[in-house]
Amino acid sequence: MGRGARVSRGGWSRRRLVGALAVAALPASAACGSTPADETPEKSPGGSGQASPKPSPGPRPLCLGTYTSVDGGGTGIGLATYDPATGGITGAGTLTGIGDPSYLAVHPDGRTLYTVNEREDGAVTAVRLSDRKILGSRSTGGAGPCHLSVHPSGRWLLSANYTSGSVAVHPIDAEGALGERTDLVTHSTPAPGPGQEGPHAHQIVTSPDGRHVLAVDLGTDTVYTYRLDQRRGTLREVSQARTRPGAGPRHLTFHPGGRHAYLANEVDDTVAVCAYEPATGRLTVGEAQSTGAGEGTNYPAQILVTADGSYAYLANRGHNSLARYAVEADGARLRLLDTVPVSGDFPRQIAFSPDGALLFTANQRSGTVSVFRVNADNGELRLAGEPFTSPVAVCALPL
């Protein structure tokens, strides 16, 4: 959830809500999880659970996003390691000097970490993981950037400005550093959806085949498809897919088959299966489906699909659960199986470990990160020990 001026259900602006919530393939030594000699790590014990794929040996890096400008927030990017066998997390200090690093992404070569600076004067920052050197920041040209991703080519960083409803492109050099912005596109049409005063870009991702870039806009109830000119770093709109009015789309993820995607709708508390045409980039949004949250207030946050395309998981903020779906008909259908409590409050973001054996949830209100073991046979989730404390946890990125 970004921190723009949009009034969500119940009349709370995003900035006001965040303030209230705040109260409430590298070796570990080469990345954000290495433990400084002058830091005393804190351990979150793992637990027993279902058998999972054989984990990589030794501890792995974990980077944690937060807000630094709210009461009870963090002081920078949280650094930790996790045990692939048990799911236990060990704290390893903080990378300071970066303001409001609320969402994180890593370069395909694993050498550079990127973060948004979710502020009125939005920016993106690059960090070299081997020595944690900050490689510099660049303006996104908008306010409240809340999501970013790296194009599969590794040459372009894509970011979404929530408050100003725009998406930006920055070049990435051979060292992982960012150049000056090459494009900025504001979502001017269609008109804002019910209850919205303007566009609110919430996510920007690349299609599995790398041909198109898709931007999810909560304010206009639209997913925009662009072609990225990989020589100039510019975006050209080729298609728009509209949800039903007032859905408030937030997060999209693709099925590995590349012909279907799944859309989490924050405002009307639904999820939808989308058909996707790789050749044209056209997305068609299907019927709204249940999030498994029942009648209470709930804001779906993020949806993920297993690497084999068999199961999908949706983070439910409010219901404080992970909904598990069976993916059927080669990706064309989701069937709700159950929900599992996250053992935390307000799961803002979820992520798989690289081997898919663990699922991490960043729980914003409780300031914790929960880890689940993923059963490879049936997709069931089992909590792996006690949640790890991390102030205003809004992103957990296992490497």
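Three principal axis extents of the range 263-366 based on alpha-carbon atoms, in descending order, are 43, 33, 23 Å. Think of the chain as having a plus end and a minus end, set by charges on the Cβ of Lys, Arg, Asp and Glu; of TYR226, VAL106, PRO387, TYR226 sits farthest toward the positive end of this dipole. Of the peptides 187-195, 367-375, 157-165, the order by per-residue mean of other Cβ atoms within 10 Å, starting with the highest, comes out as 157-165, 367-375, 187-195. Per residue, the chain exposes 37 Å² of accessible surface when a 1.4 Å probe is rolled over the protein heavy atoms with every protein chain present. Nonpolar atom fraction for the chain, defined as the carbon and sulfur part of the 1.4 Å probe accessible area, stands at 49 percent. Farthest toward the positive end of the dipole of the range 133-201, out of GLN196, VAL169, GLY136, is the Cα of GLY136, where the dipole comes from beta carbon charges about the Cα centre.
In loop segments of the range 246-339 as defined by DSSP, the GluC sites (Glu not before Pro) with at most 15 further C-beta atoms inside 10 Å of their C-beta are GLU295. Here the spin labels are modelled as points 7 Å beyond Cα on the Cα-Cβ line, and at SER153 and ARG282 they lie 2.6 nm apart.
Inter-label distance, ASP338 to LYS133: 5.0 nm, where each label sits 7 Å from its Cα along the C-beta direction. Rounded, prolate or oblate: pick one for the range 102-235, where a ≥ b ≥ c are the square roots of the eigenvalues of its C-alpha gyration tensor, a/c under 1.5 means rounded, and failing that, prolate if a/b is larger than b/c, else oblate. Note, shape of the range 102-235 comes out prolate. Charging the Cβ of each Asp and Glu at -1 and of each Lys and Arg at +1, and nothing else, the dipole of the chain about its Cα centre rounds to 400 debye. Its convex hull of Cα atoms gives the range 340-384 a direction-averaged projected area, equal to a quarter of the hull surface, of 2.9 nm².
The values are calculated or read from the model by the stated rules, or taken from the named source; none is laboratory data. Worth saying up front: this structure is predicted, and the values here are computed from it rather than measured. Methodologically, a virtual Cβ is constructed for each residue, glycine included, from the backbone with ideal geometry; neighbour enumeration extends over all protein chains shown. Note: accessible area is taken over every heavy atom of the protein model, side chains too, but ligands, DNA and RNA are not part of it. Shrake-Rupley method; radii C 1.70, N 1.55, O 1.52, S 1.80 Å.
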